[in-house]
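These notes are about the structure you will find just below.
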Amino acid sequence: EVCNNGSCESGTPLTCDDGVFCNGAETCDPALGCVAGTAVNCNDEIPCTDDVCDEDSDSCLNTPNTANCGLGEFCDAAQGCLDVDECAAGTDDCDPNASCSNTPGSFTCTCNNGYTGDGVTCLDIDECAAATDNCHLHASCSNTP
């Protein structure tokens, strides 16, 4: 259509169209002339993505932004904020003689059997020195880590 003095005539291109994608396609109304289009809605309903209309590509850009998530989470463009598994990622600070357990937003470290500590630092328990070994009375006890 071509908008000519408030009346719509057959033809292309639509002269009311300003060529701007993000503000929607304008139309020609016989009574009103050029009518503004409806702006493009780029909201993908994923709370952690930055949703913008990109005029250069005539498309919506939904960019994951982990800063929009909580501590210990990352932004997944399809699912939203997800927990970071620090144990699987190897970003925990657990002692080599400890086990790592992922928790929402964090992780915990627990010393393995035969070790004591807070999980970040684990020390070998000397069962011989502590007299908690199960060696025979006439056997010699030798601690092994």
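The values are calculated or read from the model by the stated rules, or taken from the named source; none is laboratory data. The structure presented is a predicted model; accordingly, all values stated were derived computationally and were not measured. Cβ coordinates were reconstructed from backbone atoms using ideal geometry, including for glycine residues, and neighbour counts include every protein chain displayed. The accessibility values were calculated without ligands, DNA or RNA, using every heavy atom of the protein model including side chains. Shrake-Rupley method; radii C 1.70, N 1.55, O 1.52, S 1.80 Å.
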**Request:** State which residue pairs qualify: first residue of a type in the set (A, V, I, L, M) and inside the stretch 18-38, second residue modelled with pLDDT under 85 and in a loop (DSSP other than H, G, I, E, B) in any location, beta carbons under 7 Å apart, and separation of 6 or more residues or different chains.
**Result:** 25/17; 35/26; 36/26
**Fill in**
Contact list, first residue from the stretch 113-140 and outside any loop (DSSP other than H, G, I, E, B), second anywhere and small (Gly, Ala, Ser), beta-carbon distance below 6 Å, six or more apart or interchain, is 122/98; 123/117
**Message:** Going by what's in this entry, would residue 39 be described as assigned to a loop (DSSP other than H, G, I, E, B) and touching a Gly at 6+ places or on another chain (Cβ under 9 Å)?
**Reply:** yes
**Fill in**
Scanning the stretch 58-84 for residues that are open to solvent by 60 Å² or more (accessible area, probe 1.4 Å), part of a loop (DSSP other than H, G, I, E, B) and not hydrophobic (A, V, I, L, M, F, W, C), the one modelled with the highest pLDDT turns out to be 79
**Request:** Considering each residue of the stretch 26-57, count those that are modelled with pLDDT under 80 and surrounded by 12 or more Cβ atoms within 10 Å (Cβ to Cβ), and give that number.
**Result:** 5
**Asked** Taking residue 87, is it in a loop (DSSP other than H, G, I, E, B), free of Cβ contacts under 8 Å to residues at least 24 places away in the same chain and more than 30 Å from residue 51 (Cβ to Cβ)?
**Response** no
